[in-house]
Amino acid sequence: MTNNYDDKRGIGMTSDRTRNRLAKRLEDQGIKSLDVLDKIRVIPRHIFVDEALASRAYEDTALPIGHGQTISQPFIVARMTEELLKYAQGGKILEIGTGCGYQTAILSLLFEKIFSVERIKDLLIKSKKRLRSIGIYNVSYLHDDGWNGWKKYGPYDGIIVTAAAAEVPEKLVQQLAVNGTLVMPLGPEGKQELINVKRCKEKFEYKKLGAVSFVPLIKLSLIHISE
Ligand code: SAH
């Protein structure tokens, strides 16, 4: 893909050096996949946040993106992507919680097709525009409640949930292909753990991947899909 990201916004922030520094930091923290580190170098994170925050975009930190939501910390984006790559080689990924689209952009460079679901319409529309502006077209977007997944295009080789729930959404595991994997934060605020659920022929295998901190995956009964 041609890189026409650099002119988007803010001279200086986009330099190779700044992005390399972030990738190096993630590598030092334990990210091993060279493919993932490469995509972290390629995608300009500053275009995913408000201009006022652009100077902090290459710090390894979550930042606000409006509507009380946050862009995930680069380390976590890299960690979850690395986990998906290990087990969900190939095709189709379902992402729950598009947010500002940064995680979506990284996934789009590593998998064939991404299906991304977000409950806040404004975030979804902006992300779609933003990703198209940098030449990313292998993503389909749905404004809906992520607890339902996106049955129409399943089963998926990988599912990534970028908000935390107290339990693994049943409909999501049903939409996993055999040998597919789901990566998500599980548990209440302050006690969340990143987990991996692998669908084997006859059973599901769970694995814990370490402590994390995410905004909540809003529960069905509380959902009011915003117009
Ligand atoms: N990967 C995103 C993370 C955004 S934060 C990024 O880096 O920008 C989590 C996102 O999940 C928010 O945008 C929030 O609106 C969305 N979300 C929360 N509950 C949801 C639900 N039930 N269905 C769909 N999206 C949901």
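Every read-out reported here was derived from the displayed coordinates using simple, explicitly stated rules and does not represent laboratory data. Since the model is a prediction, treat every value here as computed from it, not as a measurement. Neighbour counts are summed over all protein chains in view; Cβ atoms, including those assigned to glycine, are modelled from backbone coordinates with ideal geometry.
Tabulated results
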{"read-out": "Magnitude of the charge dipole, the range 61-185, Cβ model with Lys/Arg +1 and Asp/Glu -1, debye to 20", "value": "440"}
{"read-out": "Full-extension gain in nm, residue 174 to residue 55, via 0.36 nm per residue minus C-alpha separation", "value": "38.7 nm"}
{"read-out": "Mean Cβ neighbour count within 10 Å, used as a protection proxy, ranking 66-79, 46-59, 23-36 highest first", "value": "66-79, 46-59, 23-36"}
{"read-out": "Whole-number percent relative contact order across the chain, with pairs defined as alpha carbons under 8 Å at least 6 apart", "value": "15"}
{"read-out": "Share antiparallel - DSSP beta bridges, the chain, percent rounded to 5", "value": "45"}
{"read-out": "D (Stokes-Einstein, µm²/s), Kirkwood Cα radius, the range 97-227, 1.002 mPa s at 20 °C", "value": "141"}
{"read-out": "Magnitude of the charge dipole, the chain, Cβ model with Lys/Arg +1 and Asp/Glu -1, debye to 20", "value": "280"}
{"read-out": "Per residue convex hull volume, Cα atoms of the chain, in Å³", "value": "115"}
{"read-out": "At least 15 Å along the helix axis (C-alpha) and Kyte average at least 0.0, DSSP helices within the chain", "value": "74-87"}
